[in-house]
Amino acid sequence: MDSLYAFLKAYDLQQFISCFFMLFAALNVPGTLAVTINMRKKGSYINAPQIAVVGSIILLSFLLIGQYVLTLFGVDTDSFILAGSVIILLLGLEMCLNISIFKGEADAATASVVPLAFPIIVGPGTLSTLLILKADHQSINIMLASLSNLALIFFVLQYSEWLEARIGKLVVSIIQKLIGLILIAIAIQRFKAYLFV
């Protein structure tokens, strides 16, 4: 009971906001809207509740046991974070430069899980971001930020056509490029922290 109280007491609004925006960038919510619109046009069935559930399971599982999995494979956290930083950098470049680095064939029947839930929404960049956050933030703040982002992604997936009509492709594109720039900055910050100590 004391450990649960200590866990809940560790909630901090500033940490939550910081975690929320880092995960918002890594999960690429505006990019998810663009990908979803594109997949719907190609005839893929998008199951928003299933994507939200699968994404939550992957995120929370990695947050809780990711370190143990890395240890099992003999990979240290710093190496994984640096490898993830490379992926975050590539994701950012992909969004900013409008190029396709990560490619995958989407099967219309299974698009809700592969590749949309994993690895497009929750991919290596997101998992690396979780480890980066875990180094400096309390777990409850990361969990709440993760679930808040997934709730936002659920809304985006569920109402993608409505959002596209209201926001417009130009605004989605501008937000996507801004998020890409933030991802590049996060990756460079990590490189500086680990390589130039």
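The values are calculated or read from the model by the stated rules, or taken from the named source; none is laboratory data. Note that this is a predicted model, so its numbers are computed, not measured. Neighbour counts run over all protein chains shown; Cβ positions are idealised from the backbone, glycine included.
What number goes with the only condition from (1) at pLDDT 80 or above; (2) surrounded by 14 or more Cβ atoms within 10 Å (Cβ to Cβ); (3) more than 25 Å from Ile65 (Cα to Cα) that Ile132 does not pass?
(3)
Within the stretch 112-146, can you find the residues that are closer than 20 Å to Ile46 by Cβ and not hydroxyl-bearing (Ser, Thr, Tyr)?
Val113, Val114, Pro115, Leu116, Ala117, Phe118, Pro119, Ile120, Ile121, Val122, Gly123
Matching residues to (1) surrounded by 13 or more Cβ atoms within 10 Å (Cβ to Cβ); (2) at pLDDT 90 or above; (3) in contact with a strand residue (DSSP E or B) (Cβ under 9 Å, 6 or more places away or on another chain):
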| position | (1), (2), (3) |
| --- | --- |
| Leu4 | no, no, no |
| Asn28 | yes, no, no |
| Ala34 | yes, no, no |
| Met39 | yes, no, no |
| Gly43 | no, no, no |
| Asn47 | yes, no, no |
| Ile51 | yes, no, no |
| Leu72 | no, yes, no |
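All but one of (1) at pLDDT below 75; (2) within 17 Å of Leu181 (Cα to Cα); (3) charged (D, E, K, R) hold for Glu94, so report the exception by its number.
All conditions are met except number (1).
Give just the number: which of (1) in contact (Cβ under 8 Å) with a residue 60 or more places away in the chain; (2) buried (at least 18 other Cβ atoms within 10 Å of the Cβ) does Leu90 not satisfy?
Failed condition: (1).
Quick one: Leu157 ticks every box in (1) surrounded by fewer than 20 Cβ atoms within 10 Å (Cβ to Cβ); (2) farther than 28 Å from Ile81 by Cα; (3) in contact with a helix residue (DSSP H, G or I) (Cβ under 7 Å, 6 or more places away or on another chain); (4) of a type outside the set (Ser, Thr, Tyr) bar one, so which box is it?
Every condition holds for Leu157 apart from (1).
Residue under question is Ser173, and the condition is that it be of a type in the set (Ser, Thr, Tyr), assigned to a helix (DSSP H, G or I) and either modelled with pLDDT under 80 or in contact with a strand residue (DSSP E or B) (Cβ under 8 Å, 6 or more places away or on another chain) (or both); does it hold?
Criteria met by Ser173.
Give me the pairs, please: first residue somewhere in the stretch 11-29 and acidic (Asp, Glu), second residue anywhere and buried (at least 18 other Cβ atoms within 10 Å of the Cβ) and part of a helix (DSSP H, G or I), beta-carbon distance under 8 Å, and either six or more positions apart or on two chains.
Asp12/Asn141
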